[in-house]
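Read-outs: derived from the displayed coordinates by stated rules, not from any lab. Worth saying up front: this structure is predicted, and the values here are computed from it rather than measured. FYI the Cβ positions are ideal-geometry reconstructions off the backbone, even for glycines, and counts take in every protein chain you see.
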Ligand SMILES: [Zn+2]
């Protein structure tokens with residue numbers, strides 16, 4: 001059986017200059033180990049200049065993870081040679097299945113990255129019995145590869161998002177190209193800081209940054225500052241998803257606070273099990289939740305007032321003219337500021353500070369433009385998010 005495996009590998013994943021010499025099944029670790037060795041008489045290539053060079057010595061065995069099959073992990077075992085290169089000196093050889101210090105083979109990274117476009121990174125990691133970090137590594141590799149092999153000069157709309165991972169507050173900044181017909185991940189930055197996002201602009205250079213016409217981002221200050229600085233010709237569209245998420249966060253704060261206060265004062269728990277009734281859009285409620293909401297709306301509660309204000313805010317998306325959308329926003333903000341509900345006032349202040357950008361969010365502007373927001377939403381929602389938000 002294992003010999004058949006070598007024959008299979010030879011026909012689908014064959015590299016000139018190398019042979020698969022043996023395959024073993026390690027029952028303990030559930031791993032298929034495949035030995036690779038150089039073909040006799042083949043010359044190693046220098047990883048610096050990619051030219052053939054004289055052999056120097058051999059390093060201890062390295063393991064490269066290959067695409068798993070039938071629930072078994074697959075590893076290629078190979079002892080890297082070092083070369084004495086005329087130009088570069090003593091260098092480790094270049095192997096066609098691996099890339100630099102990556103422990104995954106190129107084929108496996110491509111494979112993981114392919115699935116990471118369809119599933120969340122967490123689900124991808126789980127499905128293939130690997131770690132989130134390795135999926136991230138694979139995506140990063142493929143993005144780098146894509147950047148090296150693709151032209152960037154026609155990027156006209158980008159979206160910026162961040163995802164949280166791990167238990168602590170670890171973030172990645174992601175930049176997507178979000179034009180209709182072309183949605184792709186352009187860049188992955190470690191952390192979520194102004195410095196890390198600045199590297200994206202370093203990478204694309206000022207000429208390209210000037211050509212960008214639309215930027216989609218959340219209302220996070222450092223993002224906005226950098227976008228305003230680099231993309232001087234761009235219209236920043238704060239996407240609906242992020243704005244609604246912020247409004248919902250404010251509403252949830254009001255509800256939690258009020259529920260706690262009522263419990264302390266010994267009132268009947270009117271707000272019990274009301275969380276999703278208030279956060280979901282009315283059209284998405286279940287029958288039970290709809291009845292619950294109707295009951296709830298009879299109370300004179302801060303949460304109810306906050307809910308009504310939030311629902312009213314959704315009218316913003318109906319406007320076709322930015323001017324009218326702006327007018328609506330002003331009125332709404334005045335109302336929210338008078339509501340004496342602190343989290344909503346805070347939200348209104350944020351909206352007010354970005355008034356023109358928010359107003360530009362009327363769907364009419366999306367329609368007909370090259371920004372494809374639906375695919376943008378699809379790609380932003382996919383990675384596991386830190387903040388759970390109901391469908392907005
Ligand atoms: Zn060299």
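Note on the range 170-290: percent of Cα-Cα distances in each 5 Å bin, starting at 0 and stopping at the bin with the largest distance, equals 2, 9, 14, 17, 13, 9, 9, 9, 8, 5, 3, 1, 0. For the range 108-164, the gyration tensor built on C-alpha atoms gives a prolate shape. Its axis ratio a/c (a ≥ b ≥ c) is at least 1.5, and a/b is the larger of a/b and b/c. Note on residue 308 and residue 330: the model spin-label points, each 7 Å out from Cα along the C-beta direction, lie 2.5 nm apart. For the range 241-366, the Stokes-Einstein estimate of translational diffusion at 20 °C and a viscosity of 1.002 mPa s comes to 140 µm²/s, using the Kirkwood hydrodynamic radius over alpha-carbon pairs. Applying 0.36 nm per residue to the separation of residue 283 and residue 24 and subtracting their alpha-carbon distance, the gain on full extension is 87.5 nm.
Report the FRET efficiency, 1/(1 + (r/R0)^6), for residue 39 and residue 5, where r is their Cβ-Cβ distance and R0 is 22 Å, rounded to 0.05. Could you put the intermediate results ahead of the total?
Values: r = 19 Å, r/R0 = 0.86.
It comes to 0.70.
Per residue, the convex hull spanned by the alpha carbons of the range 64-140 comes to 91 Å³. As a rough footprinting exposure proxy, the listed residues 251, 296 were ranked by other beta carbons within 10 Å of their own, and the order from fewest upward is 296, 251.
Would you order 287, 330, 35 from fewest to most other beta-carbon atoms within 10 Å of each residue's own beta-carbon?
Final ranking by Cβ density, sparse to dense: 287, 330, 35.
Assuming a viscosity of 0.692 mPa s and a temperature of 37 °C, what translational diffusion coefficient in µm² per second does Stokes-Einstein assign to the range 65-218, Rh being the Kirkwood radius over Cα pairs? Walk me through the numbers before you get to the answer.
Details: Rh = 17.5 Å.
The calculation lands on 187 µm²/s.
Label positions at residue 70 and residue 345, each projected 7 Å from the Cα along the C-beta direction, are separated by 6.8 nm. Rounded to the nearest 0.05, the FRET efficiency derived from the C-beta distance between residue 58 and residue 154 at R0 = 51 Å is 0.65. Model label sites at residue 51 and residue 272, defined 7 Å from Cα along the beta-carbon direction, differ in position by 8.0 nm.
List the residues of the range 61-88 whose backbone N lies under 12 Å from a point placed 7 Å from the Cα of residue 15 along the Cα-to-Cβ direction. Zone members listed by number: 62-66, 76-81. Counting other Cβ atoms within 10 Å as a rough exposure proxy, the listed residues 203, 1 run 1, 203 from fewest neighbours to most.
Averaging the sequence gap over all C-alpha pairs within less than 8 Å and six or more residues apart, then dividing by the number of residues, gives the range 1-97 a relative contact order of 24 percent.
At 37 °C and 0.692 mPa s, what whole-number value in µm²/s does Stokes-Einstein give for the translational diffusion of the range 8-78, with Rh from the Kirkwood sum over Cα pairs?
Stokes-Einstein gives a translational diffusion coefficient of 240 µm²/s.
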